[in-house]
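**Q** Attaching a single structure in structure tokens format; questions to follow.
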Protein chains: 2
Amino acid sequence: MNLANMGHFASDIMSFIDKLSGYGADLAGGVTRLLYSPAWVQAQHELQAMMESSGLVTLFDDAGNLFGRLEGDDPADGVILTGSHIDTVRCGGKYDGAFGVGAGLIALSHLRAHHGKPKRTLEVVSFAEEEGSRFPLAYWGSGNVIGHYDVFHVPEVYDADGIGLADAMQAAGFGPGKKRPAKRTDIRTFIELHIEQGVILERERYTVGIVDGIVGQRRFTFEVKGEANHAGTTPMIWRRDALAGACEMIHSVETLAVAFGESTVATVGQLELSPNISNVIPGLAKFTLDSRHADKSKLEALCEAIVTRFQAIAADRDLELSTTEWMNAEPVLMNPELTQKLAQLCSSKGLRYRSLFSGAGHDAQMMQKVCKAAMLFVPSRNGVSHSHLEYTEPEALSAAIAVLIELLYDLAYR
Amino acid sequence: MNLANMGHFASDIMSFIDKLSGYGADLAGGVTRLLYSPAWVQAQHELQAMMESSGLVTLFDDAGNLFGRLEGDDPADGVILTGSHIDTVRCGGKYDGAFGVGAGLIALSHLRAHHGKPKRTLEVVSFAEEEGSRFPLAYWGSGNVIGHYDVFHVPEVYDADGIGLADAMQAAGFGPGKKRPAKRTDIRTFIELHIEQGVILERERYTVGIVDGIVGQRRFTFEVKGEANHAGTTPMIWRRDALAGACEMIHSVETLAVAFGESTVATVGQLELSPNISNVIPGLAKFTLDSRHADKSKLEALCEAIVTRFQAIAADRDLELSTTEWMNAEPVLMNPELTQKLAQLCSSKGLRYRSLFSGAGHDAQMMQKVCKAAMLFVPSRNGVSHSHLEYTEPEALSAAIAVLIELLYDLAYR
């Protein structure tokens, strides 16, 4: 193989991304393609047509995941899978998910055209759902593939219009027995290309990032109860101001996260006050905490330090504090063999690359439970994602695809 | 006069308050009597009937203010007025406003029964509006009396249902030419009894408070603009977190207010975030500041210190700060002659009293622009107001009425 020209796949991937973004296009230039919506259904069928015209055998499973298969000489060797997800957040961007699907399709198409039938079977997947945007549950697509979810036992979750997941799935033409069973036991490897959704690669001028792992996440809701009172007639020293307490807490989150070192993030993104009137001292402040770290024990220590600090602040101010943890996802590691191979490939191509942890969740964290998984990131302009402003230089997309092709060649043809 | 028994008027005022609270009563035990609402109209007419059965001559003005008059020997001497307002906040208490109206009615009724016609004319008023609860404007009642507002030039303000003030006034049976012109030039004195709405009298175990003045108020809205970004993929050091900045600012408000000394209050009561999602760094935080002080120059210095501090925090964090001041009411002083007289009366009765500034606004601050004005406070249990939990001991209400009667006797009969 010779891929000296890194921009080789730039026009292919851009025309793929632009074409797909026509399904669910919004006026701002973004995309809304919620799970099982008409735009989503049309996009999956368009993808099916594209896969078939590239010479791949296509298959939908009961959950709506779409696979394009390039069968190898020995199907019993299992499957090398690449791809990403087809769904988007509301008013999302053109690259998130779509890039990984398009990269997989271009890679398999290129390999088939130039090298014919592989020794080991290659597949590209367009997972049904990853974002958790329509229903309050994420990784429905890859979750069905690994057997974490199951179309026969659909969680009772509803979208904003009160439509249940099972009904939405049926309406889109999927569900128990409609297509091939979703659970797979034949996948040996999963490679996912994705935009970084962060600023690290762009700021440090890397072309690609090799994902060492995906950070653990813990999310909490804190409720701080004080006493609502008259803003004019209550002396400062007699106040039990829930917002003043919450602000001291939130300020401490930042300080503690910085103290825990470079790869720690902790965010208060949501806050609600009651009664939320300009001339009334807030009696109640309710806010969320999203904390992430690549190291489980450090994440635990961070959360413990934060909660301990909150309790001290609440006690000092005679405020009641209640704590609810509603998410606890452990950090996961990508397969070291694959990440090393990716590093060698990047190196040999003279690409500027670095290793990094993903601060966002991805299908690869589900897939790594059942197979060797790896991820390759491309830079996101200004770190923006989930917005019509998402953008990555076509040359970076192309370089990542070139690396993917070499890796798949290595895994499937050698 | 002999009012040795301080509880003399307890049953009168409690039966008045309970009766009035039947108009606009809510299930929690509170009252909602918004300006010109049916409950408000019924309450004013009930009050008119009560005034007439106490031998007072009643008059409505065009704005809906209700007066009960006990004419003196020489009407040219002008009018000694007492009373308060009839409107309430949504789900307000039984005492706020109603106590002052009831106290005035009981006082005039008592004086007429025991002393007959006064030398100088006495009137009790039930002002149409003070709270600013239905429309975004306050003191509509007393404002019309002093000529600050005028039913011929109604401000274009609307309630939550989109009904304009002028239309609501017409629907309630008031408006230009409907009753007596609202503006008065014959009022020489105004005495208002009111609940404290704060905790000072209760905590320090005083029966009554003599109001030296009403604090100045300045209110602001601050908008802090940062950059909304992914909570998982944006390192702490590269964030422009609008909430983190706002929290540092709000924390500084408290510190500065305490540093400015005992009679300073500053409150952030309202805060809104955008996008307000748990896994997105807030890009925008918008919050109010309500700052009050009895001394105009100290209030100015406080606000300047706060804004300067905010600007420094915004600059440190690379956040944009925009500042809007939407209220600037100067502190006002009550009439020293009247406050001294009230102190003498309280003293001679052996009442535990203290002087204090009102942290809340009152009709007396409008009236003091055109006449001698004074206020007497009674304790509020737990400092609570604007709630069905409002409560004052009947003995304190009665003691304040006894003082009012002596003052009015002094002013009108001697």
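**Q** Conditions first: (1) among the polar types (S, T, N, Q); (2) more than 25 Å from residue A:70 (Cβ to Cβ); (3) part of a helix (DSSP H, G or I). Residue A:324 passes all but one, so which condition is the exception?
**A** Residue A:324 satisfies all of (1) among the polar types (S, T, N, Q); (2) more than 25 Å from residue A:70 (Cβ to Cβ); (3) part of a helix (DSSP H, G or I) except (3).
**Q** Determine if the stretch B:79-88 includes at least one residue that is assigned to a loop (DSSP other than H, G, I, E, B) and open to solvent by 20 Å² or more (accessible area, probe 1.4 Å).
**A** No; the residues of the stretch B:79-88 include none that is assigned to a loop (DSSP other than H, G, I, E, B) and open to solvent by 20 Å² or more (accessible area, probe 1.4 Å).
**Q** For the stretch B:380-389, enumerate the residues that are open to solvent by 10 Å² or more (accessible area, probe 1.4 Å), in contact with a Gly (Cβ under 8 Å, 6 or more places away or on another chain) and within 12 Å of another protein chain (Cβ to nearest Cβ).
**A** B:384, B:385, B:386, B:387, B:389
Each row is one residue, and each column tells you yes or no for (1) modelled with pLDDT of 95 or more; (2) touching a helix residue (DSSP H, G or I) at 6+ places or on another chain (Cβ under 6 Å).
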{"site": "A:293", "(1), (2)": "yes, yes"}
{"site": "A:301", "(1), (2)": "yes, no"}
{"site": "A:320", "(1), (2)": "yes, no"}
{"site": "A:338", "(1), (2)": "yes, no"}
{"site": "A:345", "(1), (2)": "yes, yes"}
{"site": "A:361", "(1), (2)": "no, no"}
{"site": "A:370", "(1), (2)": "yes, no"}
{"site": "A:377", "(1), (2)": "yes, no"}
{"site": "A:384", "(1), (2)": "no, no"}
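**Q** Can residue B:307 be described as surrounded by fewer than 18 Cβ atoms within 10 Å (Cβ to Cβ), within 8 Å of chain A (Cβ to nearest Cβ) and part of a helix (DSSP H, G or I)?
**A** Judged against the criteria, residue B:307 is not a match.
**Q** Of the conditions (1) part of a loop (DSSP other than H, G, I, E, B); (2) touching a helix residue (DSSP H, G or I) at 6+ places or on another chain (Cβ under 7 Å); (3) surrounded by fewer than 22 Cβ atoms within 10 Å (Cβ to Cβ), residue A:234 satisfies every one except a single condition; which number is it?
**A** (3)
**Q** What pairs come up if the first residue lies in the stretch B:402-414 and is in the same structural domain as residue B:341 (by the TED database), the second is among the aromatic types (Phe, Trp, Tyr), and their beta carbons are under 7 Å apart, counting only those six or more places apart or on different chains?
**A** B:402/B:9
**Q** Can you tell me which of A:55, A:132, A:72 is open to solvent by 10 Å² or more (accessible area, probe 1.4 Å), of a type in the set (Gly, Ala, Ser) and more than 20 Å from the chain's Cα centre (by Cα)?
**A** A:55
**Q** In the stretch A:23-48, which residue that is in a loop (DSSP other than H, G, I, E, B) and either over 19 Å from residue A:133 (Cβ atoms) or charged (D, E, K, R) (or both) is most open to solvent (accessible area, probe 1.4 Å)?
**A** A:26
**Q** Restricting the search to the stretch B:175-211, which residues are more than 30 Å from residue B:76 (Cα to Cα) and away from chain A (no Cβ under 13 Å)?
**A** Selection gives B:205, B:206, B:207, B:208.
**Q** Can you name every residue in the stretch A:310-321 that is surrounded by fewer than 18 Cβ atoms within 10 Å (Cβ to Cβ) and in a strand (DSSP E or B)?
**A** Result: A:320, single match.
**Q** Among the residues of the stretch A:340-364, count how many are of a type in the set (Ser, Thr, Tyr) and crowded, with 21+ Cβ neighbours inside 10 Å.
**A** Going through the stretch A:340-364 one residue at a time, the tally reaches 2.
**Q** I would also like to ask the following. So in the stretch A:329-339, with the set limited to residues that are more than 14 Å from chain B (Cβ to nearest Cβ) and either farther than 23 Å from residue A:187 by Cβ or among the aliphatic types (A, V, I, L, M) (or both), which one is surrounded by the fewest Cβ atoms within 10 Å (Cβ to Cβ)?
**A** Out of the qualifying residues, it is A:333.
**Q** Could you tell me how many of the residues in the stretch B:340-374 are outside any loop (DSSP other than H, G, I, E, B) and within 13 Å of another protein chain (Cβ to nearest Cβ)?
**A** Selection size over the stretch B:340-374: 4.
**Q** Additional query: Considering B:223, B:248, which residue is within 9 Å of another protein chain (Cβ to nearest Cβ) and not β-branched (Val, Ile, Thr)?
**A** B:248
**Q** Suppose we filter the stretch B:189-211 for residues that are surrounded by fewer than 22 Cβ atoms within 10 Å (Cβ to Cβ) and part of a strand (DSSP E or B); how many remain?
**A** The total comes to 0.
**Q** Turning to a different aspect of this structure: Based on this model, can you work out whether residue B:214 counts as under 20 Å from residue B:127 (Cβ atoms) and either within 14 Å of another protein chain (Cβ to nearest Cβ) or buried (at least 22 other Cβ atoms within 10 Å of the Cβ) (or both)?
**A** Yes: the conditions hold for residue B:214.
**Q** Against the condition surrounded by fewer than 24 Cβ atoms within 10 Å (Cβ to Cβ) and modelled with pLDDT of 95 or more, how does residue B:227 come out, does it pass?
**A** In short, no.
**Q** Right, here's the next one. Looking at A:294, A:314, A:285 in this structure, which one is in contact (Cβ under 8 Å) with a residue 12 or more places away in the chain and away from chain B (no Cβ under 14 Å)?
**A** A:314
**Q** Restricting the search to the stretch B:140-187, which residues are modelled with pLDDT under 95, open to solvent by less than 60 Å² (accessible area, probe 1.4 Å) and touching a strand residue (DSSP E or B) at 6+ places or on another chain (Cβ under 8 Å)?
**A** Within the stretch B:140-187, B:157 is the sole residue that qualifies.
The values are calculated or read from the model by the stated rules, or taken from the named source; none is laboratory data. Computed from a prediction, not measured in an experiment: that's the story for all the values here. Glycine also receives a Cβ, built like all others from the backbone with ideal geometry; neighbour counts cover every protein chain displayed. Only protein heavy atoms, including side chains, enter the accessible area calculation; ligands, DNA and RNA are left aside. Shrake-Rupley method; radii C 1.70, N 1.55, O 1.52, S 1.80 Å.
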